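Enquirer: Supplied in structure tokens, the structure appears directly below.
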Amino acid sequence: MRGAPKLLPRHRASRRAELLVLWALLLASAAAVGFIAVYALGADTQWLGLLIGVAFALLALGAIVTSKALVPQERKEEERRSFDHDRDDLDIAVYVQESDEGITRSRLLKTAAAGAGLTVAGALLVPLASCGPFLDVAQLRRMAWHRGRRLVDDAGRPLRADEIEVGSMTPAFAEGVDRKRLDASLIVVRLHDDDLHLPRERAGWAPHGILAYSKICTHAGCAVSMFRYPLYDVNVPRPALVCPCHYSTFDPASGGDVIFGPAGRPLPQLPVAVDERGELRAAGRMSGPVGPSWWGVQEG
Amino acid sequence: MIYRLVRFVDTRTGQTPIAKKLLRYVFPDHWSFLLGEIALYCFVVLVATGIYLTFFFDPSLQHTVYQGSYEPLRGRVVSEAYRSVLDISFRYKAGLLIRQTHHWAADVFLVAITLHMLRVFFTGAFRKPREITYYGGVLMLMLAMFEGFAGYSLGDDLLSGMGLVIAYSIVMSLPFVGGNLALLIWHGPFPGTTDFFSRLYIAHVLLVPVAIGILLSMHLVSIVFTHHSQFRGRREREHNVVGTPLWPGYLFRTLGLAFAVSAVLFLLGGLVQINPVWQWGPFEPSQSTNGAQPDWYLGWLIGALRLMPDWEPHIGHYTLIPNAFWGGAFFPLVVFSFLLSWPLIERRLTGDHRYHHLLDRPRDAPWRTAVGVGFFTWVGMIFFAGSSDRVMVEMHISYTSQIHVYQAAVFIVPLVAAWIAKRVCEQLLRSEMHPLRGSGGGPVRRMPDGGFERVSRSPTTPRAPAPNARK
């Protein structure tokens, strides 16, 4: 405004800086046009990223040079205001205090108001219970397996006992069950008969040394998809089933006991039997609940 | 012209005095004050790229047969969610650029927030009167972690599914309510129904971003109320604030930073591949992969899950607290409780209820620095333990031995680090050296015989003016 007093310090911008900002802006426009052209001509991701990135980098250059060399440079010092408004703070307290002086049963009313507030808020939250069947914890114990259910492979073919070689690992599923269900998938391994030391009550659970375990880790629910089967004497000689998420390690020879890692309970085992056609079937129920543990889960 | 515009607005709103004050708001200069701004601009990029992605993403677990251009997956039965992420990556022009920029922005967002939080901790910026700003910041850090996790979980690829089943297990592991809560959230046992995915989606694109946006606004408003803090310098004192005003100097500078952040994120998004979901394949609960890692900011949780021994208290055959609780819920609870309660703890321990507009250098408060170094080393060690499977795969160091070493080291190293930090602080305080630039000089006294002798400051007055606190 003509005649108005100067507010900012006098300052003369450098000519070179002006030129630099001009070029940065022109080239930024060029890069942006290039971006549009690349988009129209097939949109190669690398070129798109490069051009829009360069455009932004040039804008950054322009803005920073503007800030450092075109506009007046100042260092402003400002006094801080006090945060203590003792008079006002006191007034507010007094307003609040005086407002209920005429009420005889002030405390009772306040309690009732708090109670009403909580109850109404609680009532409004209750419909959230429709989100899921949260009382039906029995669902967490559901079991895809029962006596006689066949084990099928990835392609849905029945799994035959003679296909399972010693030292091999085969994924299997419950026939006719949704494979997305945690209780549907198994990991089947075969060990030498004399390497087995299953608990006495599990005698007969592993015909020909074929062992079936839930594939879902009891720690954090990942698929136990690694099988360690040393072919020579190493420092950790036992075969083991390992979960790749947090390396919970289970002993297939002893009934799924935890031998390393964070899992707190054994991997549930499924008793298997070989039918007259040589196919694998469940010979009973799993030894414990499948999947990650929860409050009150019964250990196998 | 501008005058007439300002007149127009003022005569309709009467708010010119506030606008004028804001235009001349003073920003003190220090590189470390830019970390929060970087986080702010990452958030802007996240919102912008995220809105674009919502136009193409379909948060549904309905089955479909993939017919797109990525040959190896053609004919596979996948979810609509996974199909739409593949389409964003291969079918829509610039879709992959935006998706990768979005993912990179999330990772950089959390780097910036974390470094900003460390800066605030070690300079004592959380002290009175800035506690509210600090609490809001810690809450945003929590929300940002959840938001990032929700984001990469939505792709329904193998890695996102592995992350979700771990999240499910952690929810299940909560004492008393875990099983019920998991059924409520997932609408049944894992993997739940498509309802769960639409909930995760609305949380990711609306609830959490809006919550972050509100906290972010409160964060900025509370900074303006208290004004910025500053390091002690030639003119900088408790009673003033010295720096560059918003208009014209600082506005162009921060605009430059915003453009620079966008430049880096788009260059990363265009040139550096991130989360190629087509290589992971669709999620099946019966599948998993070795060496899988979450996004970096969840590494501390995977580390805690891995390090926890197989401790699972139970009565008879009934589990009381499943193991996943310790690493997945208890550990973050401890970390965030520490962060949230530290201003109160420090006030209690020091009995210091004064205002602090001048920042400490880390050395100025050796105890706080030692506690912070110890605490963040603890979290950092656990974070590194999370990568022990990668170390095994790439460097062939036994996983089991690594875990055993870490289990002891996460408690020993932080104590040693804290002790060293305290000694270093005290030494720096005495010598007034800059840790990187060496001595900035100091007062000397000429001796009668012609030699010189340093005049040492008394270590009992740690808040003495430090002439070389600024460049």
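The values are calculated or read from the model by the stated rules, or taken from the named source; none is laboratory data. Everything numeric here is computed off the predicted structure, so don't read it as measured data. Glycine also receives a Cβ, built like all others from the backbone with ideal geometry; neighbour counts cover every protein chain displayed. With ligands, DNA and RNA removed, areas are computed over all heavy atoms of the protein, side chains included. Shrake-Rupley method; radii C 1.70, N 1.55, O 1.52, S 1.80 Å.
Enquirer: If one puts a single equal scatterer on every Cα of the stretch A:1-85 and applies the Debye formula without solvent, what log₁₀ I(q)/I(0) results at q = 0.15, 0.23 Å⁻¹?
Expert: Once normalised to I(0) and log-transformed, intensities are -0.71, -1.03.
Enquirer: Could you give the semi-axes, largest first, of the ellipsoid that matches the stretch B:189-317, computed as the square roots of 5 times the alpha carbon gyration tensor eigenvalues and rounded to whole Å? Spell out each step's value before the answer.
Expert: Details: eigenvalues 376, 113, 68 Å².
Output for the stretch B:189-317: semi-axes of 43, 24, 18 Å.
Enquirer: Restricted to Cα positions, what overall size does the stretch A:146-291 have along the principal axes? Three whole-Å values, descending.
Expert: Each principal axis gives a Cα extent; for the stretch A:146-291 these are 40, 32, 29 Å.
Enquirer: While we're here: Stretch B:K20-B:W311 to full length: gain in nm at 0.36 nm per residue minus the Cα-Cα span? Before the final figure, lay out the partial values.
Expert: Details: separation 291, 0.36 × 291 = 104.76 nm, distance 6.14 nm.
Here the answer is 98.6 nm.
Enquirer: Send over the semi-axes of the stretch B:8-158's equivalent ellipsoid, whole angstrom and largest first, taken as the square roots of 5 times the C-alpha gyration tensor eigenvalues.
Expert: 41, 21, 13
Enquirer: Summing -39500 (n - 2.57) over the DSSP H runs of n ≥ 4 in the protein assembly as shown and dividing by its residue number, what mean residue ellipticity at 222 nm do you reach, to the nearest 500 deg cm²/dmol? Could the numbers behind the result be given before it?
Expert: Working: 21 runs with 351 residues, N = 771.
Only helices count here, giving -15000 deg cm²/dmol.
Enquirer: A follow-up question, please. Near the amide H of A:F227, under 5 Å away, which other amide H atoms are found, from residues 5 or more places off or on another chain, if H is placed in the peptide plane?
Expert: A:V242
Enquirer: What is the distance, in nm, between label points placed 7 Å from the Cα along the Cα-to-Cβ direction at B:R7 and at A:T119?
Expert: Modelled inter-label distance: 6.2 nm.
Enquirer: Could you compute how fast the stretch A:26-76 diffuses translationally, taking Rh as the Kirkwood radius over C-alpha pairs and applying Stokes-Einstein at 37 °C with viscosity 0.692 mPa s? Give it in µm² per second.
Expert: Working: Rh = 12.1 Å.
In µm²/s, the coefficient is 271.
Enquirer: How big is the dipole moment of the protein assembly as shown about its Cα centre under a simple scheme where the beta carbon of each Lys and Arg is +1, that of each Asp and Glu is -1, and everything else is neutral? Debye, nearest 20, please.
Expert: That gives a dipole near 3580 debye.
Enquirer: Here's something else I'd like to know. Enumerate the helices in chain B for which the Kyte-Doolittle hydropathy averages -1.0 or more and the C-alpha atoms extend at least 20 Å along the helix's axis, using complete DSSP H runs.
Expert: B:34-54, B:95-122, B:131-153, B:158-172, B:208-226, B:251-271, B:331-350, B:366-385, B:399-431
Enquirer: Please report, for the Cα atoms of the stretch A:224-300, the Rg to one decimal and the Dmax as a whole number; what are they, in angstrom?
Expert: 14.4, 42
Enquirer: Contour minus end-to-end for B:R354 and B:I223, with contour as 0.36 nm per residue of separation and end-to-end as the Cα-Cα distance?
Expert: Values: separation 131, 0.36 × 131 = 47.16 nm, distance 1.80 nm.
Result: 45.4 nm gained on full extension.
Enquirer: Quick check: convex hull over the Cα atoms of the stretch B:314-457, volume per residue in Å³, rounded to an integer?
Expert: Details: hull volume 31.1 nm³, N = 144.
Dividing the Cα hull volume of the stretch B:314-457 by its residue count gives 216 Å³.
Enquirer: Please tell me the relative contact order of chain B in percent, rounded to the nearest whole number, where contacts are Cα pairs under 8 Å and at least six residues apart.
Expert: Computed over chain B, the figure is 19 percent.
Enquirer: Given R₀ = 41 Å, FRET efficiency for B:V111-A:D162 by Cβ-Cβ distance, to 0.05?
Expert: Values: r = 55 Å, r/R0 = 1.34.
Between B:V111 and A:D162 the formula returns 0.15.
Enquirer: Report Rg (one decimal) and Dmax (nearest whole number) for chain B, counting Cα atoms only, units Å.
Expert: Just the Cα atoms of chain B yield Rg and Dmax of 26.1, 93 Å.
Enquirer: Given the convex hull over the Cα atoms of the stretch B:38-91, what projected area results after averaging over all orientations, in nm²?
Expert: So the Cα hull casts an average projection of 4.4 nm².
Enquirer: Calculate, for A:H197 and B:Q427, the FRET efficiency according to 1/(1 + (r/R0)^6) with r their C-beta to C-beta distance and R0 41 Å; round to the nearest 0.05.
Expert: Plugging the Cβ-Cβ distance into 1/(1 + (r/R0)^6) gives 0.10.
Enquirer: Can you tell me, using C-alpha contacts under 8 Å and at least 6 residues apart, the relative contact order of the stretch B:354-446 as a whole percent? List each step's numbers first, then the result.
Expert: Working: 72 pairs, mean separation 35.7, N = 93.
Computed value for the stretch B:354-446: 38 percent relative contact order.
Enquirer: Suppose we keep just the DSSP beta bridges with both residues in chain B; what percent of those would be antiparallel, to 5? All intermediate terms of the calculation are to be shown ahead of the outcome.
Expert: Working: 13 of 15 bridges.
Of those bridges, close to 85 percent are antiparallel.
Enquirer: Another question, if that's okay. Using a 7 Å offset from the Cα along the Cα-to-Cβ direction at both A:A30 and B:F384, what is the distance between the two label points in nm, to one decimal?
Expert: Using points 7 Å along Cα→Cβ, the separation is 4.7 nm.
Enquirer: Translational diffusion coefficient of the protein assembly as shown at 37 °C, 0.692 mPa s, Stokes-Einstein with Kirkwood Rh over Cα pairs, in µm²/s as a whole number. Each step should come with its number before you reach the end.
Expert: Numbers: Rh = 30.6 Å.
After rounding, the answer is 107 µm²/s.
Enquirer: Between the stretch B:289-343 and the stretch B:135-164, what's the alpha-carbon centroid distance in Å?
Expert: Between the Cα centres of the stretch B:289-343 and the stretch B:135-164 lies a distance of 16 Å.
Enquirer: For the stretch A:171-238, run through the chymotrypsin sites (Phe, Trp or Tyr not before Pro) and keep only the ones in DSSP coil with at most 15 other Cβ atoms within 10 Å of their Cβ.
Expert: Here the chymotrypsin sites (Phe, Trp or Tyr not before Pro) that fit, given the DSSP loop and packing criteria, are A:Y232.
Enquirer: Computed FRET efficiency, Cβ-Cβ of A:M143 and B:Q293, R0 35 Å: what is it to the nearest 0.05?
Expert: 0.60
Enquirer: Further, regarding this structure: Under a no-solvent Debye model with one identical scatterer per Cα of the stretch B:161-220, what's log10 I(q)/I(0) at q = 0.16, 0.17, 0.29, 0.31 Å⁻¹?
Expert: Treating every Cα as an identical point scatterer, log10 I(q)/I(0) equals -0.61, -0.66, -1.10, -1.17.
Enquirer: Next question. In Å and from the alpha-carbon atoms only, list the Rg and Dmax of the stretch A:10-159.
Expert: Rg and Dmax of the stretch A:10-159, Cα atoms, are 35.2, 93 Å.
Enquirer: So if I take the alpha carbon set of the stretch B:286-392, get Rg, then get Rh from the Kirkwood formula, what is the Rg over Rh ratio?
Expert: In the stretch B:286-392, Rg relative to Rh is 1.11.
Enquirer: Follow-up question, since we're still on this one. Return the equivalent ellipsoid semi-axes of the stretch B:260-339 as a descending list in whole Å, where each equals the square root of 5 times an eigenvalue of the C-alpha gyration tensor.
Expert: Values: eigenvalues 242, 82, 15 Å².
Semi-axes, largest first: 35, 20, 9 Å.
Enquirer: Still on this model: Name the long-range amide H neighbours of A:F260: under 5 Å, sequence gap of 5 or more, or other chain; modelled H, no Pro or chain starts.
Expert: Close amide H contacts, sequence-distant or interchain: A:T249.
Enquirer: Would you mind working out the accessible area per residue for the protein assembly as shown, using a 1.4 Å probe, and quoting it in Å²?
Expert: I get 50 Å² per residue for this part.
Enquirer: Please report the relative contact order for the stretch B:99-197, taking Cα pairs under 8 Å with a sequence separation of at least 6, and give it as a percent rounded to a whole number. It would help to have the intermediate numbers written out before the result.
Expert: Values: 44 pairs, mean separation 13.9, N = 99.
Dividing the mean separation by the residue count of the stretch B:99-197 yields 14 percent.
Enquirer: At A:K180 and B:L333, where each label point lies 7 Å from the Cα along Cα→Cβ, what is the point-to-point distance in nanometres?
Expert: For the pair A:K180/B:L333, the computed spacing is 3.2 nm.
Enquirer: Next question. For chain A, can you list the cysteines whose C-beta has no other cysteine C-beta under 4.7 Å from it?
Expert: A:C131
Enquirer: What is the Cα convex hull volume of the stretch A:68-140 when expressed per residue in Å³?
Expert: Dividing the Cα hull volume of the stretch A:68-140 by its residues yields 324 Å³.
Enquirer: Let me ask something else. Give me the distance between the Cα centres of the stretch B:1-67 and the stretch A:117-174, rounded to whole Å.
Expert: One Cα centre to the other: 45 Å.
Enquirer: Follow-up. Could you tell me the center-to-center distance, by alpha carbons, between the stretch A:247-263 and the stretch B:353-417 in angstrom?
Expert: That distance is 30 Å.
Enquirer: Beyond a 30 Å Cα-Cα separation, which of these cross-linked pairs lie in this structure: A:K68/B:K422; A:K68/B:K21; A:K6/A:K68? Can you show the working numbers first?
Expert: On the way: A:K68/B:K422 39 Å; A:K68/B:K21 22 Å; A:K6/A:K68 20 Å.
Among A:K68/B:K422; A:K68/B:K21; A:K6/A:K68, the Cα-Cα distance tops 30 Å for A:K68/B:K422.
Enquirer: Determine Rg/Rh for chain A; Rg is computed over alpha-carbon atoms and Rh is the Kirkwood hydrodynamic estimate from the same atoms.
Expert: That ratio is 1.32, to two decimals.
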